[in-house]
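S.K.: Handing you this structure, nothing more for now.
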Amino acid sequence: MLGSDHQIRKYKDQELYYLSIFNRTIAEDLLRLGMVPNKSKVVQFPTVPTEYRRYFIRGCFEGDGSVFYEKRSALSPLRTKFCSGSRLFLEDLEKVLRENLGLGQRKIYESHGSTFYEIKYSHKESLELFSYMYDQTSERERLDRKYNKFLPYLTPPAF
């Protein structure tokens, strides 16, 4: 759209692309149009209507969250976390999840020398998050790579 022949680059081994702009006039125009420098460090949780909130949170999780297993907790190994460069964003997200799902208050952890922050949830809370984010979704509406990691824990083990 810019009519530029400048190369759009791809990050190594990822499906992420970037374009570097070094023209002061274009940079100033982008700022005037609302672009925020270092947005990932200062972004705040937006006002999202209640009926769309779980979709927005699922998008945050699928973009910057993870589901994993903690082997030392054999009976309840499932864990979920949300990550962000913005502590403010995570503070608001944690509050929204607490108010909407009744989850316990969580600590915001600083990771990797303050380059990003994260909230971690236990096995039980991870299952609640799964229901909140994925109930009544189709394959087209979710990232199966993350969705499928929850599946082994949805039914209780037979004893």
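The values are calculated or read from the model by the stated rules, or taken from the named source; none is laboratory data. The structure displayed is predicted, hence computed values, not measured ones. Reconstructed Cβ throughout: ideal geometry from the backbone, glycine too, with neighbour counts over all protein chains shown.
S.K.: Among residues belonging to segment 63-76 that are surrounded by 16 or more Cβ atoms within 10 Å (Cβ to Cβ) and in contact (Cβ under 8 Å) with a residue 24 or more places away in the chain, point out the one that is nearest to the chain's Cα centre (by Cα).
M.R.: Filtering first and then ranking leaves GLY65.
S.K.: Separate question: Identify all residues within segment 19-38 that are modelled with pLDDT under 80, surrounded by 10 or more Cβ atoms within 10 Å (Cβ to Cβ) and within 25 Å of the chain's Cα centre (by Cα); write none if there are none.
M.R.: Across segment 19-38, the qualifying residue is only LEU19.
S.K.: Need a quick list: strands (runs of 3 or more DSSP E) entirely within segment 1-115 having at least 2 residues that are touching a Gly at 6+ places or on another chain (Cβ under 8 Å) and not β-branched (Val, Ile, Thr).
M.R.: Here the list reads 78-84.
S.K.: Output the residues belonging to segment 107-159 that are at pLDDT 90 or above and among the small types (Gly, Ala, Ser).
M.R.: Across segment 107-159, the qualifying residues are SER122, SER126, SER131, SER138.
S.K.: Another question, if that's okay. In segment 1-45, which residues are among the hydroxyl-bearing types (Ser, Thr, Tyr) and without any contact (Cβ under 8 Å) to a residue 40 or more places away in the chain?
M.R.: Residues satisfying the conditions are SER4, TYR11, TYR17, TYR18, SER20, THR25.
S.K.: Given the options ARG54, ARG142, name the one that is surrounded by 15 or more Cβ atoms within 10 Å (Cβ to Cβ), under 23 Å from LEU16 (Cα atoms) and basic (Lys, Arg). First the steps, then the outcome.
M.R.: Numbers: ARG54 fails: under 23 Å from LEU16 (Cα atoms).
On inspection, the qualifying residue turns out to be ARG142.
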